[in-house]
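Enquirer: Mind having a look at this structure? Questions to follow.
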Amino acid sequence: MISDQMEWDSPMYAEAVAQFENVSEVMNLDDNVRERLKRPQRAMVVTFPFRRDDYKEVDTLFGYRVQHLLTMGPTKGGIRYAEDVNLGEVAALAMLMTWKCAIVGLPFGGAKGGVRVNPRGLSRSELQRVTRRYTAEIINFIGPEQDIPAPDLGTDEQVMAWMMDTYSQHAGHSVPGVVTGKPPELGGTIARREATGRGVISLLPSSASHVGMNVSGARVVIHGFGNVGRYAAIAATELGCSVIAVSDISGGVYNSNGLEIAKLGKWVDENGVVEGFGGGDVITQEELFALDCEVLVPAAVGGVLHADNASSVKARIVLEGANNPLTLDADEIIRDQGGFIVPDVLCNAGGVTVSYFEWVQDVQKYFWSENEIVGRLREIMSRAFQEVLAIAEDKKVDMRTAALIKGIKRVTDAKLVRGVYP
Ligand code: NAD
C-alpha cells in the first residue's frame, strides 16, 4: 500500500489535484490513468551555495524542477524566482502546464521550476550567479529534446540568456533550443515578449460575443503589470477598450477615464513599480478587484481571488492571465454571479504557444516573420477557445472543466496507446 503522504503536498498541489479529480469524475476517466496523472513523473530538489557580492556571506538556496509528464514529447514550463517558491507549488504548476499544452495541441508535457529567492533583493551579478548555478544543478535534466525552461514570475529574457549560455558552455557549443523566452539576438523569437498578454486579450472578442457584450469601450481592470499584465493592457487598448485600473506589488492606480498605458509603462521602466504614477488615483488591490468594469484580468500571482473577496467582483468576463489566480471557491462564486471565466490553462496559453514557435525555429534554424507568428498564435488560441466552448455547451459544464476535459483526454489517449513499460 502506497502512503498518501507526498513530498509535494501543499495547498496549491491539493487544489490542482482536486481540480483534476473533479474533471476525471465528469469524464469517467480510466482509474489507472487517473492515479498516474495525479503525481509528477520527476520532481527534483537541489540546494546550492550562493555568494553575495560583499564576499562575506554564502547562503544556501533551494531550487526545484518538476516534470509532470514525459509522454507527449519534451517537457516545457517556466522558472520562477520568489521567496516562497516550494516543491508543492512547482508540482501543481507543472501539472497545469501538461493540461495547457494539451489544450492548445502542443507536443509537450508540463514542467515547472523555481528558486526560493527574492529577485528584487539581488544585484545583477547576484542574479546571474544564482541563475548559472541553478542551471548547472539541473543541467542533466534539461535540453532541447528533454525539458525546455522559459521565463515566469521574477525571471526574464536576461535570465534565460544566462541559462542558455551556461548550458551551452557545458555542452561545448551553442544550444539555443534549451530555453525559450530568450532575447532575439540569441535565437529568441520576435513577439514572444508580448505573446502571453496578447494571447489573453485575443480571446476577449470571442468571450464578449459569447456573453453579448461590446468590446469597444469595455472597461478593463488588470492586476499585475509585469510581462503578462503590461502587454495585456497594451493589447486591450489596441482593441478600443479602456484600461481603468492597474496594480502591482507596490499598489494600484485608477482612472475612470482610462489610464495612459504607454506613460504608465515608461514610469514602470524608470521606477520599477506602479506606485507613484501620477496618471490616476491610488487604489488598493481589494478595491481594484471590486471595481465596476466589464473585464478583469488577474495577471500577477496565484490565489488572489478567494472565498473572502470573490463576491466583490463585478466584471462580466474574467480572463485569467496569471496561473491559478482564482481558488476553486472563487471560481464558483464568480460563475454563480454570472461571470464568464476563461481559465488560465486556455487563457494564458499564448506564452507557451509562441515559446513552441521559438523552439521550432531554433531547432530548424529558420526564423519566421512577426506576421506569421502573430497570425499563427491567434489561429491556435481562437481554435482552442471555440473547441473548449463547444465542449462546455455540449456537456453543460463551465469553461475550466471543458478546457481540462480537452487537455486530459488528449493526454489520456496518448498514455493508453503508449501502454505501460515494461
Ligand atoms: P512578472 O514577474 O513579469 O510580473 C509579475 C507582476 O505581478 C508584477 O507587476 C509584480 O509587481 C506583480 N506582483 C507580484 N507579486 C504580487 C503580489 N503579491 N500582489 C500583487 N502583485 C504582485 O511575471 P509575469 O511573467 O507577468 O507572470 C505573471 C503571472 O502570469 C504568473 O502567474 C505567471 O505564472 C503567469 N504566466 C506568465 C507567462 C509568461 O509568459 N510570462 C505565461 C503564462 C502564465
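The values are calculated or read from the model by the stated rules, or taken from the named source; none is laboratory data. Here the structure is a predicted model, which means the values were calculated and not measured. So basically every Cβ, Gly included, is an ideal-geometry build from the backbone, and we count neighbours across all protein chains shown.
Enquirer: Is it true that GLU238 is more than 14 Å from the ligand (Cβ to nearest atom) and either touching a residue at least 40 places away in the same chain (Cβ under 8 Å) or under 25 Å from the mean Cα position of the chain (by Cα) (or both)?
Expert: When the stated conditions are applied, GLU238 passes them.
Enquirer: Follow-up. Given the criteria in contact with a Phe, Trp or Tyr (Cβ under 6 Å, 6 or more places away or on another chain), away from the ligand (no atom under 16 Å from the Cβ), assigned by TED's automatic domain parsing to the domain that holds VAL45 and modelled with pLDDT of 95 or more, does ARG133 qualify?
Expert: So ARG133 fits the description; yes.
Enquirer: Same structure, new question: Filter the range 115-173 down to residues that are touching a helix residue (DSSP H, G or I) at 6+ places or on another chain (Cβ under 7 Å) and part of a loop (DSSP other than H, G, I, E, B) and give me whichever is nearest to ARG51 (Cα to Cα).
Expert: LEU122
Enquirer: Somewhere in the range 188-206, is a residue in contact (Cβ under 8 Å) with a residue 12 or more places away in the chain and farther than 25 Å from ALA300 by Cα?
Expert: Checked the range 188-206: no residue is in contact (Cβ under 8 Å) with a residue 12 or more places away in the chain and farther than 25 Å from ALA300 by Cα.
Enquirer: Being in a helix (DSSP H, G or I) and either of a type in the set (Phe, Trp, Tyr) or farther than 16 Å from GLY199 by Cβ (or both) is the filter here, so list the residues in the range 82-103 that pass it.
Expert: Once the filter is applied, which keeps residues that are in a helix (DSSP H, G or I) and either of a type in the set (Phe, Trp, Tyr) or farther than 16 Å from GLY199 by Cβ (or both), the range 82-103 yields LEU87, GLY88, GLU89, VAL90, ALA91, ALA92, LEU93, ALA94, MET95, THR98, TRP99, ALA102.
Enquirer: Scan the range 347-372 for residues that are away from the ligand (no atom under 16 Å from the Cβ) and of a type in the set (Gly, Ala, Ser) and jot them down.
Expert: Selection gives SER369 alone.
Enquirer: Identify, by number, the condition in (1) at pLDDT 95 or above; (2) of a type in the set (A, V, I, L, M); (3) outside any loop (DSSP other than H, G, I, E, B) that ALA14 doesn't meet.
Expert: For ALA14, the exception is condition (1).
Enquirer: Go through VAL253, VAL243 for me and flag whichever is within 16 Å of the ligand (Cβ to nearest atom), within 17 Å of VAL200 (Cα to Cα) and crowded, with 18+ Cβ neighbours inside 10 Å.
Expert: VAL243
Enquirer: Here's a follow-up. Going by what's in this entry, would GLY188 be described as of a type in the set (Gly, Ala, Ser), more than 24 Å from ILE341 (Cα to Cα) and either buried (at least 20 other Cβ atoms within 10 Å of the Cβ) or away from the ligand (no atom under 11 Å from the Cβ) (or both)?
Expert: Spelling it out, GLY188 is indeed of a type in the set (Gly, Ala, Ser), more than 24 Å from ILE341 (Cα to Cα) and either buried (at least 20 other Cβ atoms within 10 Å of the Cβ) or away from the ligand (no atom under 11 Å from the Cβ) (or both).
Enquirer: Tell me the residue from VAL295, VAL246 that is in contact (Cβ under 8 Å) with a residue 12 or more places away in the chain, of a type outside the set (Ser, Thr, Tyr) and within 18 Å of ASN227 (Cβ to Cβ), please.
Expert: Within the list VAL295, VAL246, the selection yields VAL246.
Enquirer: Right, next: Could you please find all residues in the range 121-160 being charged (D, E, K, R) and touching a residue at least 12 places away in the same chain (Cβ under 8 Å)?
Expert: Within the range 121-160, GLU126, ARG129, ARG132, ARG133, GLU137, GLU145, ASP147, ASP152, ASP156, GLU157 qualify.
Enquirer: So LYS182 passes all but one of these: (1) touching a Ser or Thr at 6+ places or on another chain (Cβ under 7 Å); (2) assigned to a loop (DSSP other than H, G, I, E, B); (3) surrounded by 23 or more Cβ atoms within 10 Å (Cβ to Cβ); (4) not aliphatic (A, V, I, L, M). Which condition number does it fail?
Expert: Against the list (1) touching a Ser or Thr at 6+ places or on another chain (Cβ under 7 Å); (2) assigned to a loop (DSSP other than H, G, I, E, B); (3) surrounded by 23 or more Cβ atoms within 10 Å (Cβ to Cβ); (4) not aliphatic (A, V, I, L, M), LYS182 comes up short only on (1).
Enquirer: Just one of ASP344, ASP331 is within 12 Å of the ligand (Cβ to nearest atom) and either crowded, with 19+ Cβ neighbours inside 10 Å or of a type in the set (Asp, Glu) (or both); which is it?
Expert: Step by step, each of ASP344, ASP331 is checked, and only ASP344 is within 12 Å of the ligand (Cβ to nearest atom) and either crowded, with 19+ Cβ neighbours inside 10 Å or of a type in the set (Asp, Glu) (or both).
Enquirer: For the range 297-321: of the residues being of a type in the set (A, V, I, L, M) and near the ligand (Cβ under 9 Å from one of its atoms), which is farthest from MET381 (Cα to Cα)?
Expert: Once the filter is applied, the top-ranked residue is VAL304.
Condition check ((1) surrounded by fewer than 16 Cβ atoms within 10 Å (Cβ to Cβ); (2) modelled with pLDDT of 95 or more; (3) within 20 Å of ASN118 (Cα to Cα)) across all residues:
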{"site": "ASP31", "(1), (2), (3)": "yes, no, no"}
{"site": "GLN41", "(1), (2), (3)": "no, yes, no"}
{"site": "VAL45", "(1), (2), (3)": "yes, yes, yes"}
{"site": "PRO49", "(1), (2), (3)": "yes, yes, yes"}
{"site": "ASP54", "(1), (2), (3)": "yes, no, yes"}
{"site": "GLY63", "(1), (2), (3)": "no, yes, yes"}
{"site": "GLN67", "(1), (2), (3)": "no, yes, no"}
{"site": "PRO74", "(1), (2), (3)": "no, yes, no"}
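Enquirer: Would you mind finding the one in GLY272, GLY276, GLY229 that is within 22 Å of GLU320 (Cβ to Cβ) and within 16 Å of the ligand (Cβ to nearest atom)?
Expert: Answer to the selection: GLY229.
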